[in-house]
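Everything below concerns the one structure shown next.
Read-outs throughout are calculated quantities, based only on the coordinates presented, and are distinct from any laboratory measurement. Keep in mind the model is a prediction, meaning the values are calculated, not measured. In this analysis, Cβ positions are derived from the backbone assuming ideal geometry, glycine residues included, and neighbour counts consider all displayed protein chains.
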Amino acid sequence: MSARDTSLDTLLDLDGQTMFVGETYWVKFAVKAVTVTPQRPHGLRYSLTLHGPGGERLVGFDNAHAISAVSGPSRKSTQKYDHKHRFRTLRPYEYSDAATLLEDFWSEVDGVLKEVGVIK
């Protein structure tokens, strides 16, 4: 039996929270514990997003829908649920634990906010 991910409580406590960055950017969290399935083996449904002045999503880490991921020498396509959005790009995300998810999300948020000139 694997050890319980203690950072999971921190992530679940963020559900429903909105945090403002500057005057026109915000981060929104939607996180729920769900039944473990092959699509959500970690037992979470989550959406962590950064939004810009017009409400557009600039960064998103979620598992709300499947995406096709191409991998391996045969370039075989598989369905992945955990993924990340950055501006208009969409890439698979390898979920390992809640703490790493939060760290990766905030790192991506910082990178985008620097890129658009909100922070230095």
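Quick notes
- Rounded tilt (10° steps) of 98-115 against the dominant C-alpha axis of the chain: 40 degrees
- Our estimate of slack between GLN39 and ILE119, defined as 0.36 nm per intervening residue step minus the Cα-Cα distance, is 25.2 nm.
- Difference of contour (0.36 nm per residue) and Cα-Cα distance, ALA64 to TRP106: 13.2 nm
- Take the Cα of SER96, step 7 Å toward its Cβ, do the same at PHE20, and the gap between the two points is 3.6 nm.
- Total lysine pairs under 30 Å (Cα atoms) in the chain, excluding pairs fewer than 8 apart on one chain: 11
- Working note: Debye formula, equal point scatterers on the alpha-carbon atoms of the chain, no solvent; log10 I(q)/I(0) at q = 0.11, 0.19 Å⁻¹ is -0.40, -1.07.
- If you plug the beta carbon distance of THR6 and ALA30 into 1/(1 + (r/R0)^6) with R0 = 25 Å, you get a FRET efficiency near 0.75.
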